[in-house]
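The values are calculated or read from the model by the stated rules, or taken from the named source; none is laboratory data. Bear in mind the structure is a predicted one, so any value in this text is a computation, not a measurement. Note that we place each Cβ from the backbone using ideal geometry, even for glycine, and neighbour counts take in every protein chain shown. Heads up: the accessible areas ignore ligands, DNA and RNA and are worked out on the full protein's heavy atoms, side chains in. Shrake-Rupley method; radii C 1.70, N 1.55, O 1.52, S 1.80 Å.
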Amino acid sequence: MSTASSALRDESPPLDLTVNGRARSLRAEPRTHLADVLRDTLDLTGTHLGCEHGICGACTVLLDGEPARACLTFSGACAGAEVTTIEGLDDDPVAGELRAAFNREHALQCGYCTPGMLIAARDLVLRLPDADERRIRAGLSGNLCRCTGYVGIVRAVRSVIAERRARGIAPMPGGQRGLGPVGARLGTPSGPALEAARTPLRPVDQAEAAPRIADLDGDFVPAHRFEQAFTVAHPPDTVFALFGDVEAVAACLPGAMLTGQPTPDAVEGALQVRIGPIAARFRGRARIVRDETACTGRILGAGSDAGGRSATQGEIRYSVGPGEAPGTARIDLSVGYTLKGPLAQFGRPGLVRDLAGRLGAEFAANLEARLSGAPAPAAAGLNPLRLLLTMLTTSLRRRLAAWGRRP
């Protein structure tokens, strides 16, 4: 490491992480990749570096409980995160069963890909409902191996899933998410749907991308959920009445638009999203349920991007009540979602919560303006990358200020 890099590292504010269950505070430039922090600073060399482009999967770790590419993740975005490396799975029962199965099925040779392969396989064991070979191969398609030919690896994962299900151990929610190459439909059912996912991308009628209302499952269990609240300077009954106007609400949400005539219990619309080089226009439909007496509501929706093959399903539960100050309303939101496809690779729950917080602030400001009779906000695409950069800048300033106050 150069003298300049060492100086920058030493002058960086502390980075606080929980690594393998242990609280760690260390110095690292925010632009340093998590893999380098784990290997060079914490000596956790079980996290291997291969392509350093997020393709081979050798650097896979668990970030807030989900598989993530450590070679693409900036350490500055991980403040407060919980990181689990292969070393942290020594006593994990699922990882133990996989290690025994890998040994039994001759699923490793040089071993370079094995740490990342085990972490990805563990996620499949926890979440897939059965030992479907095609779904396992799709789920492991983001982890490359130059030695084995994958037969033994797939056989090992299948055996662990089959044995656990035979013992009555049910899968965890969120079985359709996973890591994989950009454009892959991970975790889709076997058969024609999987074969369709393997065909080249082709233009698709936008109507095909929008799920039918009948397809929205009222018993939807999201993979992730977070809570959010904000206050507007208007009476609760006025705010709740506006929430019943779907067109007005869509006008306040950056990137949202209606693509059909809404009804009291259903709406069709689209949301424009751009994250770095990936652009998506999710089109979908939603069910709307409102309780006028309790001033609560639920929006259950699903959508997909036909060109990019990303898909999402989610729900928003909201309640409107009096704020602390007279004449104000407090809006409480509970947001749950499941995301798969290319955009899922950017979907770390912690980042989503931070981005959603800033999006919520924009929505609240637009809602306040709408209620006050101000001109409707100009339509704009949702740009999480811009929000992310703002979030990182704010976080860095806060950490620098805290570091400056240290004795």
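If we scan the range 21-35, do we find a residue that is closer than 21 Å to Ala95 by Cα, assigned to a strand (DSSP E or B) and modelled with pLDDT of 90 or more?
Within the range 21-35, one or more residues are closer than 21 Å to Ala95 by Cα, assigned to a strand (DSSP E or B) and modelled with pLDDT of 90 or more.
Applying the selection to the range 75-103, what residues are closer than 27 Å to Ala28 by Cα and either aromatic (Phe, Trp, Tyr) or in a helix (DSSP H, G or I) (or both)?
Listed by number, the residues that qualify are Ser75, Gly76, Ala77, Ile86, Glu87, Gly88, Leu89.
Failed condition for His48, given (1) at pLDDT 95 or above; (2) in a strand (DSSP E or B), with all others met?
(2)
Could you list all residues from the range 81-129 that are of a type in the set (Phe, Trp, Tyr) and open to solvent by 10 Å² or more (accessible area, probe 1.4 Å)?
Tyr112
If I filter the range 294-334 down to residues being modelled with pLDDT under 90 and open to solvent by 40 Å² or more (accessible area, probe 1.4 Å), which single residue comes out as farthest from the chain's Cα centre (by Cα)?
Residue satisfying both the conditions and the ranking: Arg298.
Only helices (runs of 4 or more DSSP H) wholly contained in the range 198-272 count here; list those with 1 or more residues that are of a type in the set (Val, Ile, Thr) and at pLDDT 85 or above.
Per the criteria, 236-243.
Assigned to a loop (DSSP other than H, G, I, E, B) and closer than 14 Å to Val37 by Cβ: is that true of Cys56 in this structure?
It is false that Cys56 is assigned to a loop (DSSP other than H, G, I, E, B) and closer than 14 Å to Val37 by Cβ.
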